[in-house]
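Notes to accompany the following structure.
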Amino acid sequence: MRTIVHLSDLHFGRTDDALLTPLASVIAKLAPHLVAVSGDLTQRARTTEFQAARAFLDRLPEPQIVVPGNHDVPLHNVFTRFIGPLDKYRRYITGDLDPFYADDEIAVLGINTARSLTFKRGRINSTQIERAKTRLCALDPKITKIIVTHHPFDLPDRRDSNERVGRADLAMDMLSACRCDLLLAGHLHVSDAGSVATQSVDGSHDIIVVQAGTATSTRGRGELNSFNAIHLEANRIEVRRYGWRPLDSVFQSMGGESFGRSAGGWKSLSPAP
């Protein structure tokens with residue numbers, strides 16, 4: 001079994017600093033095999049914000065798969081936004097915009113969807129799709145294949161379709177062809193997990209789509225600060241949500257969703273207690 005902690009939308013520059021130590025503490029207790037951070041580490045892509053984000057990441061277990069979000073691209077500095085949009089991200093967070101981790105049970109690929117021109121929405125291009133296909137389709141079918149992006153490929157119910165990453169349909173074709181299992185994203189500040197059907201050559205293949213809420217930002221959009229702990233076995237995946245309880249100053253498990261592997265991909269089981 002493997003455990004992945006999935007954080008998103010930290011937004012240093014707009015964090016509730018009272019959450020940082022309890023968050024690092026509960027993650028340490030979970031002892032994850034990997035920490036995935038799906039973008040928006042900063043609020044305005046300022047140097048001090050990246051430095052604070054780097055200091056927090058250094059408190060978390062490794063290995064880590066981290067990808068940038070649209071807030072990690074400078075908005076107001078037009079020159080930097082178009083000439084070196086991720087220069088500070090590369091300097092303080094990581095120079096690897098296609099991070100990859102694999103062991104004998106899981107493979108996790110990060111893909112950068114942040115763009116200068118489509119500031120909020122994000123985009124994936126054909127080169128990234130082909131590179132991901134080359135990496136993922138070659139893996140042993142027994143490996144659980146996971147993609148981490150900031151912008152989602154698919155959306156929770158009642159969300160505007162414009163919030164999907166650009167070229168999402170092309171990407172979903174690739175994910176289905178490679179029999180990917182799990183998509184981790186952020187951006188919406190909404191916590192959600194469900195399975196979606198994608199069309200493959202031999203029929204549909206259901207993939208688990210997981211959204212993380214904002215772990216530390218004051219911009220909760222009506223939701224509690226939260227993160228996901230994902231427990232993965234060969235034929236079962238449990239996505240457990242941890243939410244912030246301000247009266248107790250702790251992140252606490254608040255239930256989750258379980259999924260079982262079938263011939264057609266991943267199907268929702270009864271909710272996890």
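Output the number of residues of segment 201-213 satisfying the condition of being touching a Gly at 6+ places or on another chain (Cβ under 9 Å) and either closer than 13 Å to ASN228 by Cβ or at pLDDT below 80 (or both).
So in segment 201-213, the residues touching a Gly at 6+ places or on another chain (Cβ under 9 Å) come out as 203-213.
Remaining after also requiring either closer than 13 Å to ASN228 by Cβ or at pLDDT below 80 (or both): 203-204, 208-213.
The number of residues fulfilling the criteria is 8.
Give the residue that is farthest from THR47 (Cα to Cα), with candidates limited to residues of segment 10-27 that are touching a helix residue (DSSP H, G or I) at 6+ places or on another chain (Cβ under 7 Å) and either outside any loop (DSSP other than H, G, I, E, B) or among the aliphatic types (A, V, I, L, M) (or both). Working first, answer last.
Going residue by residue through segment 10-27, those that are touching a helix residue (DSSP H, G or I) at 6+ places or on another chain (Cβ under 7 Å) are 10-13, 20.
After this cut, where a residue has to be either outside any loop (DSSP other than H, G, I, E, B) or among the aliphatic types (A, V, I, L, M) (or both) as well, the list is 10, 12, 20.
Values: LEU10: 15, PHE12: 11, LEU20: 19 Å.
By that ranking, first place goes to LEU20.
Can you pull out every residue in segment 54-77 that is closer than 19 Å to THR113 by Cα and hydrophobic (A, V, I, L, M, F, W, C)? Give the steps one after another, and end with the answer.
Just the residues of segment 54-77 that are closer than 19 Å to THR113 by Cα, to begin with: 64-75.
Scanning segment 54-77 gives ILE65, VAL66, VAL67, VAL73, LEU75.
Within segment 108-120, count every residue that is in a strand (DSSP E or B) and either modelled with pLDDT under 95 or in contact with an Asp or Glu (Cβ under 9 Å, 6 or more places away or on another chain) (or both).
The total comes to 2.
Here are some conditions: (1) of a type outside the set (Gly, Ala, Ser); (2) under 23 Å from HIS205 (Cα atoms); (3) at pLDDT 95 or above; (4) part of a helix (DSSP H, G or I). ARG135 meets all but one. Which one does it not meet?
Exception for ARG135: condition (3).
Give me a count of the residues in segment 125-152 that are farther than 15 Å from VAL67 by Cα and in contact with a strand residue (DSSP E or B) (Cβ under 8 Å, 6 or more places away or on another chain).
6
Counting only residues that are surrounded by fewer than 21 Cβ atoms within 10 Å (Cβ to Cβ) and not in a helix (DSSP H, G or I), which one in segment 44-63 is farthest from the chain's Cα centre (by Cα)?
ARG46
Which numbered condition in (1) surrounded by fewer than 15 Cβ atoms within 10 Å (Cβ to Cβ); (2) closer than 18 Å to LEU109 by Cα is the only one that ASP17 fails?
(2)
Quick check on segment 238-252: of everything there that is in contact with a Phe, Trp or Tyr (Cβ under 7 Å, 6 or more places away or on another chain) and touching a residue at least 60 places away in the same chain (Cβ under 8 Å), which residue is farthest from GLY213 (Cα to Cα)?
By that ranking, first place goes to PHE251.
Does ARG261 count as part of a strand (DSSP E or B), at pLDDT 90 or above and within 19 Å of ALA31 (Cβ to Cβ)?
no
For VAL210, are the conditions met, namely being over 15 Å from the mean Cα position of the chain (by Cα) and not in a loop (DSSP other than H, G, I, E, B)?
Spelling it out, it is not the case that VAL210 is over 15 Å from the mean Cα position of the chain (by Cα) and not in a loop (DSSP other than H, G, I, E, B).
The values are calculated or read from the model by the stated rules, or taken from the named source; none is laboratory data. Treat the numbers as computed from the prediction; the structure is a model and nothing was measured. Cβ atoms come from the backbone with ideal geometry, glycine included; neighbour counts cover every protein chain shown.
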